[in-house]
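> Provided herewith is a single structure, encoded as structure tokens, for subsequent inquiry.
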Amino acid sequence: MVAKLLSVSLLVPVAPGDFLGIFSGKLRYVDQKPPKAIKGPVPGLWLDRSEITGKLNQMRVAKPSEKTNVCLAWQGVIEVKGEKSFCQYWRALVIATRDIMAFDQLIRPP
């Protein structure tokens, strides 16, 4: 049996602050961390990536003391323009935190 190793890398170089995409997953509001989940912006909110996968879900997670080259920035979204309202949903943006050259692997924080 042959093992497949996947990694996510870019075809073009990017600069710090560049938007790379939206991290896929389902939002869950639970007390305990679901398996394969990323901590959200408020206590108990998790981005569960176990059921919905996208290319960015294949990013490598940084090991302790390893430098990352992307971060997840949580953004509250309000669909109805002009209304003063609480955010209707959250999304996790993937943003470059330093220069990333073509074919460098994307590495996110744990």
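> Note the per residue figure in Å³ for the convex hull of the C-alpha positions in the chain. Write down the numbers at each step before the final one.
Details: hull volume 16.2 nm³, N = 110.
Expressed per residue, the convex hull around the Cα atoms of the chain is 147 Å³.
> Figure the gain on full extension for Met101 and Val42 (residue separation times 0.36 nm, minus the Cα-Cα span) and round it to one decimal in nm.
17.9 nm
> In the structure displayed, which of Lys39/Lys81; Lys26/Lys63; Lys36/Lys63; Lys39/Lys67 lie more than 21 Å apart, Cα to Cα?
Listed pairs above 21 Å: Lys39/Lys81; Lys26/Lys63.
> Okay, moving on. If each residue of separation counts as 0.36 nm, what is the full-extension length gain between Ile22 and Ile52 once their alpha-carbon separation is subtracted? All intermediate terms of the calculation are to be shown ahead of the outcome.
Details: separation 30, 0.36 × 30 = 10.80 nm, distance 1.24 nm.
This chain segment gains 9.6 nm when fully extended.
> Ok, one more. Can you find, among Leu93, Gly40, Phe19, the residue farthest towards the positive end of the dipole of the chain? Put +1 on the C-beta of Lys and Arg, -1 on that of Asp and Glu.
Gly40
> For the chain, what proportion of DSSP beta bridges, expressed in % and rounded to the nearest 5, is antiparallel?
90 percent
> Still on this structure, please answer the following. At 0.36 nm per residue, minus the direct Cα-Cα distance, what do Val80 and Ser65 gain on full extension? Give it in nm, one decimal, please.
Extra length available between Val80 and Ser65 comes to 1.2 nm.
We did not get these values from a lab; they are worked out from the coordinates using the rules stated. Keep in mind that this is a model prediction, so the values were computed, not measured. Using ideal geometry, Cβ is built from the backbone for each residue, glycine included, and neighbour counts are taken over all protein chains shown.
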